[in-house]
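Structure first, then comments.
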Amino acid sequence: MRNRFHILGVALWCAAAARAAEMRVQVQAGQVRGAPSYLGGMVTTVGYGQPVDVVSTQGAWHQVRTADGKSGWMHDSALTAKLISANAGGAAARVGASGDEMALAGKGFNKDVEAQFKASRAGVDFSWVDKMGSMTASTAEIERFVKNGGLAQPGGAQ
C-alpha cells in the first residue's frame, strides 16, 4: 500500500513539473512572434493582463501558448509572473503600457527626462526626431523589409 502512495506521489509531482508556467501580458498588446526575435513574423497579439503558458525559454524570449491555442514567442519585457488587476482604487485604470513605453522605461527614459534633455539643448531642432517618433510601419511592411533586406534572425530563421 505504501508503495502505491509513493508511485502516485511521484506521478503527481511529474505531472505538476511538466505543466507549463503561467505568465501574464503586462503591455497593451503583447506580440506573439513566429521566431524568438523582434524580426519574427507576428502570429497574434494578446491583450493586457491575459495569461499565456510558457512552454520553454531561450534567452530573453519565451515560447508561449495562448488561451486560444496559438503558439509562438514573446519577449520577457512583455510578460510578468504577477497577477494583474485592471482596476486601481475602485476606478477603471489605464490598461497597460505600450511596448515602446516599457522599453523606454526600462532604460530610465520618460517624458520628464525627455523634457530635461531638450531643455539642455535649447538650440537643437528636435522636430524631425518627433516626426520619426510618430511614424509607424505595419507588420507586413516590417516583414517585407526583413525579407528583402536578407536580415537573419537569431536561431537561423529568415
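A few points about this structure:
- Residues being in contact with a helix residue (DSSP H, G or I) (Cβ under 9 Å, 6 or more places away or on another chain) and either among the aromatic types (Phe, Trp, Tyr) or closer than 12 Å to VAL32 by Cα (or both) - total across the stretch 45-75: 4
- Residue check for GLN26: touching a residue at least 24 places away in the same chain (Cβ under 8 Å) and more than 22 Å from VAL146 (Cα to Cα): yes
- Filter result for the condition that a residue is surrounded by fewer than 14 Cβ atoms within 10 Å (Cβ to Cβ) and closer than 20 Å to THR139 by Cα, over GLY69, GLY47: GLY47
- Residue match in the stretch 128-148 (condition: free of Cβ contacts under 8 Å to residues at least 40 places away in the same chain, farther than 30 Å from GLN58 by Cβ and charged (D, E, K, R)): yes
- Taken across the stretch 92-110, residues that are modelled with pLDDT of 60 or more, over 19 Å from the mean Cα position of the chain (by Cα) and loosely packed, with under 13 Cβ neighbours inside 10 Å do occur, with at least one present.
The values are calculated or read from the model by the stated rules, or taken from the named source; none is laboratory data. What you see is a predicted model; the values in this text were computed from it and never measured. Heads up, the Cβs are rebuilt from the backbone with ideal geometry, glycines too, and the neighbour counts pull from every protein chain shown.
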